[in-house]
Amino acid sequence: MRCVLARDFTVGKALAWRSSMDENPPYQRQGSVWSLDKQQLFIDSILNGYDVPKIYLHDLRGKHPTKVYTIVDGKQRLTALWGFLTDEFPLAPDFTVIEANLPDVPETARRPMAGERFSQLDPAWKRVFRQTYLAVVLIQNATPDDIEDLFSRLNNGEPLNGAEKRNALGGDLARLIREIAGRPFFVDQLAVPNDRYQHLELAARFLAVEDARRRGERGMPDLRSRALDDFVRENRRLTDDDRADLAARVDAALDRLARVFGPADPLLATQAAAATAYLFVEAVAPQATPDPAAIRRFLESFETARLAELDKPEERQEVALIEFTHLMQHAANDPQSLARRVEILTRRFGRGQPADGRVPSRATG
């Protein structure tokens, strides 16, 4: 891998090449993260001649049929530039031109004013903005793992959350997590939003559950963020058999869940609820193969009872329901919390799940 500083990459070129840029490689965070204020501040910096951080692009010239560059670092900066150039947002209400930083424009050119959009700028200022050089580093002769590692090291915009950091680590398990998060269950039944890779977070948890099961671990797995980080790091390389086994186990569980829950099911509106449902359905699935509709009705009635309990005087509250609520809100991914929630649900469901905290087993197939 080698990094080369581009000599002629201007703001105008960044816009011209936009359709040939891969803006969303697998390791990138999802969605627009910068606020309007932050985008406006970045445009202010460009117009007033301030130095801005480098942008890193993976150079694909001659190696991809339709793309010339992949954005490795600087997506939010480029998005801000494109947004301003296409009149998506105006200059900030407090924008001013700093006299000491005036660019080379004719004295007769009208200066940009607060609240103006790009199309409203004086032609001379438009030209100066388009011709502003960007510090762009081209990454050449790099493998996918090189790029994913570099992204993780370079990202210095909005802090990455746990799912985004794990995704940026790269490797076989990170790729498998992305694949699982694209399954129909996540698109159809799950009501958890995915603006910051929440679906990747849940896919990682489901895979961690199945990994613990296939290794015969006793006790609930640790689904906290640090444990998931270790899980991804330790499995950057998976054999084909291990990968296929993990995927098949999760797919079988997701198929069972899809039969229980409806489209964008409100019972699956949070990560904690979805993880609990995954473990509970797997706990009761091998026991006389209960009707999926009966499981859904039970969970709905349980949720109704749990919420109603919160409105009762403390002396009349059912301890197990209040405990369940507390465990959903505090340390929700702790092994003890997961085990206790599954125990409360299965006992109430009437299937006699033992309270030993073991990972629920299931019948093969």
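The values are calculated or read from the model by the stated rules, or taken from the named source; none is laboratory data. Just so it is clear, the model here is predicted, and its values are computed rather than measured. Glycine gets a Cβ as well: all are built from the backbone with ideal geometry, and neighbour counts include every protein chain shown.
Some values worked out for this structure:
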| quantity | calculated |
| --- | --- |
| Residue list for region 197-233, filter: in contact (Cβ under 8 Å) with a residue 40 or more places away in the chain, small (Gly, Ala, Ser) and in a loop (DSSP other than H, G, I, E, B) | Gly219 |
| Some residue of region 182-192 being surrounded by fewer than 16 Cβ atoms within 10 Å (Cβ to Cβ) and either in contact with a Ser or Thr (Cβ under 9 Å, 6 or more places away or on another chain) or at pLDDT below 90 (or both) | no |
| Hits in region 64-91 - residues which are hydrophobic (A, V, I, L, M, F, W, C), in contact with a helix residue (DSSP H, G or I) (Cβ under 6 Å, 6 or more places away or on another chain) and not in a helix (DSSP H, G or I) | Val68, Val72, Phe89 |
| Selection count where residues are among the hydrophobic types (A, V, I, L, M, F, W, C) and at pLDDT below 85, scope region 138-181 | 9 |
| Checking Pro221 against (1) modelled with pLDDT under 95; (2) under 17 Å from the mean Cα position of the chain (by Cα), the condition it does not meet | (2) |
| Filter result (in a loop (DSSP other than H, G, I, E, B) and closer than 15 Å to Tyr50 by Cβ) within region 92-111 | Ala92, Phe95, Thr96, Val97, Ile98, Leu102, Pro103 |
